[in-house]
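The values are calculated or read from the model by the stated rules, or taken from the named source; none is laboratory data. The structure displayed is predicted, hence computed values, not measured ones. Cβ: placed from backbone, ideal geometry, glycine included. Neighbour counts: every protein chain shown.
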Amino acid sequence: MSEHRPLRFFPLGLALSLLAALPCASAQTAINETRTLSADARVSVSNVKGSIRVVGGEGSTLRLRGQLGEDAELKLSADDPESVSIEIEYPNSSGWGWGGGAGGDTDLQIELPRDARLEVEAVSATVDVRGMNGRSLKISAVSGEVDLRDSAPQQLELETVSGGQRIQTGASELDLESVSGSIEVEASAARRLRAEAVSGDVDVRLQQRIEELRIETVSGAVRASAGPSAGGLLRIETLSGALRLELPADTSARIEAESFSGRIRSPVGEVEREDYGPGSSLDATLGGGESRIRLETFSGAIDLSLQGR
């Protein structure tokens, strides 16, 4: 069993560095702003509580609509076609850092060029992103739920604490982290995917073979439907969480599985049990063994299956 490295999590720095930040609206005021942006402009959005909805589209216009909550202030960076930052602040609230304190919810609806590089930060605000295909897409939230659909950025980074993640994407590189929130991802074009959680469950469904898939949890369960490309690697580790992996029937890979005290079930190979103690292991080869699959758990069960069997 390999040594578990500590999961790395992010400091949610919602106080963004804004150049020439200007107050744009007062409490309980409708938001209506437009900007002209370059196709791959950098756009950052920060909201403590309420909602953030982003939709990517054609053209070069950013349209910001919505409603400010009570005691909230909107700060919008100086006009720059290459970069814009949108920040909601609650200057009279002592507990704003975790979504508490005075002040009402703020709802933001943002339309922007689909190839823009987007970064979103939230505390308890929900985040909904659709149609973004830029070079990078980063989303971080504390307790807010995150829903990402119909987006194919080159690089996707998503981090939550207790908020769940629901992802449907064509991203090629994915880096996903959560503490207690669940991670559900369906990826159509992933080359590399890393998912880490503490107590949150992880559910990964891949529509094509992947070069590298790494999943790690402590007590969270893992369910994955994935296959490695030739020379690829699937590595899944849990401490006490159950582990289920479904492979394509024509997978070509060497499979190594190990559990210190949990059982292993597999339609291929022979599961070996320790003479003394509850441990079990599996060393099997599918096809020509062109790729590698490594499954490890301390006390969780491992269930391996092949599609169609």
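Against the definition (surrounded by fewer than 16 Cβ atoms within 10 Å (Cβ to Cβ), at pLDDT 95 or above and within 15 Å of Val45 (Cα to Cα)), how does Arg117 come out, yes or no? Criteria not met by Arg117. Restricting to the range 42-64, name every residue that is farther than 13 Å from Glu111 by Cβ and either assigned to a loop (DSSP other than H, G, I, E, B) or out of contact with any Ser or Thr (no Cβ under 8 Å at 6 or more places or on another chain) (or both). Once the filter is applied, which keeps residues that are farther than 13 Å from Glu111 by Cβ and either assigned to a loop (DSSP other than H, G, I, E, B) or out of contact with any Ser or Thr (no Cβ under 8 Å at 6 or more places or on another chain) (or both), the range 42-64 yields Val48, Lys49. Scoring Cys24 on the criteria (1) within 27 Å of the chain's Cα centre (by Cα); (2) part of a strand (DSSP E or B); (3) at pLDDT below 95 leaves a single failure, condition (1). Among the residues that make up the range 268-289, is at least one of them under 32 Å from the mean Cα position of the chain (by Cα) and closer than 15 Å to Ala224 by Cβ? No - not one qualifying residue is present in the range 268-289. A count restricted to the range 199-234 and to residues that are part of a strand (DSSP E or B), under 19 Å from Phe260 (Cα atoms) and free of Cβ contacts under 8 Å to residues at least 24 places away in the same chain stands at 2.
Screening the candidates Glu237, Glu196, Glu258, Glu186 for the property of being closer than 22 Å to Ala141 by Cβ, in contact with an Asp or Glu (Cβ under 8 Å, 6 or more places away or on another chain), assigned by the TED database to the domain that holds Gly287 and part of a strand (DSSP E or B) yields one hit, Glu196.
Set side by side, the residues Arg194, Arg166 differ, and just one is closer than 19 Å to Ala125 by Cα and surrounded by fewer than 18 Cβ atoms within 10 Å (Cβ to Cβ), which is Arg166. The set of residues from the range 281-301 being of a type in the set (D, E, K, R) and assigned to a strand (DSSP E or B) comprises Asp283, Arg292, Arg294, Glu296. In a residue-by-residue description of the range 199-214, the property of being crowded, with 17+ Cβ neighbours inside 10 Å and touching a His at 6+ places or on another chain (Cβ under 8 Å) applies to no position. The condition of being in contact with a Gly (Cβ under 6 Å, 6 or more places away or on another chain) and farther than 20 Å from Glu173 by Cα holds for only one of Ser219, Ser280, Ser261, that being Ser219.
Entry remark, the range 253-268: residues being surrounded by fewer than 18 Cβ atoms within 10 Å (Cβ to Cβ) and not aliphatic (A, V, I, L, M) number 7 in total. In this entry, Leu304 passes the filter for residues that are of a type outside the set (D, E, K, R), in contact with a Pro (Cβ under 9 Å, 6 or more places away or on another chain) and either part of a strand (DSSP E or B) or exposed (fewer than 14 other Cβ atoms within 10 Å of the Cβ) (or both).
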